[in-house]
Every structure is written in structure tokens, then in C-alpha cells.
Amino acid sequence: FRMNSPASHLGSGLGGDTPSHHHGLGGPNSILGGGPSSVLNSHLSGGPGSVMGMGLMSNHGPGSVLGPGSILGPSSILGPSSLNMGGSQMMSNSGSGLLHSQQGPSSVQQYSSGAGGASERGPASNLNLNINPGSVMNMGGGPGSVFHDLNPGSVGPSNLAVPMTPLAGDMLDRYHGTQALSHSAIPTHALPSTPASALDIPSPTLQNIVSTVNLGVQLDLKKIALHARNAEYNPKRFAAVIMRIREPRTTALIFSSGKMVCTGAKSEEASRLAARKYARIVQKLGFPAKFTEFKVQNMVGSCDVRFPIQLEGLCITHGQFSTYEPELFPGLIYRMVKPRVVLLIFVSGKVVITGAKFKKEIDDAFSQIYPILKGFKK
Amino acid sequence: RDPKMTYQLYRNTTVGQALQQTLNDFQAEDIISRALAERVMATFDKVINKTLNTKAKNKMNFKAEKLRAYRFCDNVWTFVMEKVEFREAITAPKERLKIVACDGTNKVIAATAAVNP
């Protein structure tokens, strides 16, 4: 029994109110409560990420039905589906209805309700949570457009080459819990199973790491400046020796108390290694330096979403998180709550993420902001 | 009274060394006293600093492949460069070049001007 058309599914028990819980997490079609929501089905081309979206469609609201066109339950919608959500429709269903298309196998299950109401789109905005840009499902239609006929052929521009096949039985198991879905699990005929790396979602690169370490001994800065290479010491201006090494290319501020700040490394390991090299230099100069309390204090990453962004719209929708003063600074300052990082978002589509203590925070932040930014694509 | 303090940096130049030698010879022959020799050197310091600041107008450009090391301590910059080529190509490219630069704004005696790494 292949449910290859949403229509059949609609009949099969997704009658209006109750999402088909019994389907578990299977079947792209099944979870979509309500007919219109089957739009989601057609966009299972997002690979692993998208499938999971289906899986998360456990509507546990008080009978919260994914009303027409609102496929987004409380959980995230992974899906290269352009959901034209009449805002009201969306919000009525889910208290925390957030469109977080978590792309990438690993981040599939992360839908955080913290990052602002991504789904609060104005009627005009076309929420395109398409993870796979190649298959932008611009389903057209107005808000709440329902594709009763999910025949790929009939869907016009998008390459809905994805038949509405429910996932194989074993897939259901996979969707239980929060396992990342390996792309191999998706039957290729159902989805163009592309690994996250092949999906066009960029991933942030680390640009700078600032760390501190305590060498544990008082230092004579003048002696260090006189005997070490590549050192600057101008006590009238700044009470520390500024030393640099070439590999890894970093700069260190060494204070007389023995504490040191190491900046400029491109990874946590490089920062630690550089700090050790500085400690070694100090040691060679005759001080009994130790290497204690190494801690990464700040990490900066950057990324390019490769499409222009409407900062004004983003600022209005996410007013509680955003600061946008174009006369002061051309970028929008987005203070994400979880993880607690700050993102600088620019019109060009470049994003800078800072304030993180771990790389994971940068990756999480970017995966949360990406769908939001897609919604504000110019 | 103390003469105005100036860098004794230029004593280690060709002309400075020549002057120092001559004064030493005179002192050896008891023609002049030690104090006078010292006075002459001090005058030399003052004049050469002033002249280089005001009268010397020509510039020299150079480009080096690598900055081996730098240092800034006691208001003195020291640079060690490799493979230095001078713009006017007066000399062949130098394998290693050391520059010791003292602050030209404040007149500070720089007995420690020459930093020996």
C-alpha cells in the first residue's frame, strides 16, 4: 500500500483535526494534518533534514490542527517547502510554532522555540524553507495554498520529482527519537537524498579565537621585551608585552602578573598550541612558567548565505532580538537567546557570529538563523 | 650645567668613529684633556642630530622579503630584515639588514639605543 498521493492520505484519517499519530513518524504525507498541509510532502527533497521535519509532526497541542496551509506544527518544518503562511493561520496552531528548518543531518531535531517567531510572516512574505535551493518549491498559490494534487508534474516550476512515497517501514524507526537521519536511509526515489554538504547551506568558518591562560609566575616585562623576538613593550601606552608568532599566526598580550591573552587563532586547538608556544618562549627566557587555566573566551565565525536580506523586515519581526540602526552601523545586530551569541547580519547576506565559547554554539546559531534569513530574502 | 641630552647613537658611524679616533689620539699625546674630548663628542651628538633632522632631505626606499624580527623597548625600534633591496639599487641586495630607530621627537639620551639581541 503505497501512499503515493496526498489525496489518499487525506482520506485516510487525517481528517481535519487529529494528526495521524499512529503513523508515528513515518510518511511524509501522513503527518500533515489537514489536506492543505500536504504541501509539505512535495518538498521532501531536502534530504535528511526535511524528512525529519515530517517526523516531528507530532501535534501535541490541544487538538492543534495544522490548519489549512499550516503544516507547521509545534515542531519544525524541515522541508524545502515554500509555506505561504497567512500569519494567522500559522500562529493559531502552535504556541511555539516556529519554522525552523533544521538542515543538516545532525541538526535535524533541533527546533528551538527561542529564536523568535520565525513563522510570523506577513501575508506577503513567502516563507521558503527550502533547504535545497536547487529544488525551490515555489508552490505559488496564496497563503494556505494547498496542493491537493501533489502530482509532481502538476506542480509547475518546482522540480517536484519526488513522488509522494511514504518512507519505508524502517525509516519510521529512524524518525523516532532524535537521531540524525543519514541520507542513506531515505529511499532515493522518494527524495533526492543529498548529504548536508551537498545541500547549498553554507557552514560558518571560524575567524578568530580569543583565549586566556595563566603562566602562574610574575614576569619582568622589560626583560622579555629585550630578549624575545617580535615583542613590543611600551609601558607608557600599555602595560603588557605584545608578542607575535608566525605559526599559528597569533598575537599574545603578556602581563606582568603572568596572565596572558592569546588572539588570532583560527581554531581552538591552534589557540591552545599558540598559547603553549608563548609559554615556552617565556620559559626559555628563564621564568618558571606553567600552563594553567587555559580557557577559550570568545570565538568568532562568519558565513555567507549568498542571498541579500531585508534587514528592515527582519528587525520588525524579531524586534525583541534585533537592533538595526543603519545610520550607526550597516548591519543588523541580532542577539540570540539560545545559544547566547550575537549575530551581525548584513544586507549582502554575510553573517558574523560572535560571543560563542564553543564551535557548536556558532553552528547552532547559524542553523537557527538560516531559515529566518531565508524568509527575509530580498 | 647639563648640555641638552641627545642620542649618542651617531657616534658609531663612520664620521663619528673617525672623530672619536682623532680625539683619542690627541688625548694620548696630551694635546687635549679628557673633559674637552667629551665636550667635543657631545657637541658632535647635538649637531649631527640637528643636521640630520633639518638638512638631510634625501629619502631612501627599500623593500625586503621578510621581516625576521622586530622589537620595541625603551622607545627604540629594532628591525632585522632579510633580502633587502634598495630602490636606488646603489648596493647589491643585502642578505640581512638591522635597523635601530630611536624616537626623533623627544630628545632623550639613548645610552641603551643600540640594543644587542
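The values are calculated or read from the model by the stated rules, or taken from the named source; none is laboratory data. All values derive from a computational prediction rather than experimental measurement. Backbone-built Cβ (ideal geometry, glycine too); neighbour counts: all protein chains shown.
Just a few scattered comments:
- The number of residues in the stretch B:56-67 that are surrounded by fewer than 15 Cβ atoms within 10 Å (Cβ to Cβ) and in a strand (DSSP E or B) comes to 5.
- If you go through the stretch A:230-253 and pick out every residue that is farther than 18 Å from B:Cys102 by Cα and either charged (D, E, K, R) or within 13 Å of chain B (Cβ to nearest Cβ) (or both), you end up with 11.
- Cross-chain or 6+ apart pairs with Cβ under 8 Å, the stretch B:56-70 first and over 23 Å from B:Ala92 (Cβ atoms) and within 14 Å of chain A (Cβ to nearest Cβ), then in a loop (DSSP other than H, G, I, E, B) and charged (D, E, K, R): B:Tyr70/A:Arg229
- Listed by position, the strands (runs of 3 or more DSSP E) contained in the stretch A:318-378 that have at least 2 residues being of a type outside the set (A, V, I, L, M) are A:332-336, A:350-356.
- When restricted to residues that are assigned to a loop (DSSP other than H, G, I, E, B), within 15 Å of the chain's Cα centre (by Cα) and either within 11 Å of chain A (Cβ to nearest Cβ) or of a type in the set (D, E, K, R) (or both), the stretch B:76-105 contains 1.
- Residue count, the stretch B:71-93 (criterion: at positive phi and free of Cβ contacts under 8 Å to residues at least 12 places away in the same chain): 1
- Verdict on B:Lys83 being at pLDDT 90 or above, among the basic types (Lys, Arg) and under 24 Å from A:Leu221 (Cβ atoms): no
- Applying the condition of being among the β-branched types (Val, Ile, Thr) and without any contact (Cβ under 8 Å) to a residue 40 or more places away in the chain to the stretch B:1-42 and asking which residue is nearest to B:Asp103 (Cα to Cα) yields B:Thr13.
- Residue match in the stretch A:239-256 (condition: in contact with a Gly (Cβ under 6 Å, 6 or more places away or on another chain), among the hydroxyl-bearing types (Ser, Thr, Tyr) and surrounded by 15 or more Cβ atoms within 10 Å (Cβ to Cβ)): yes
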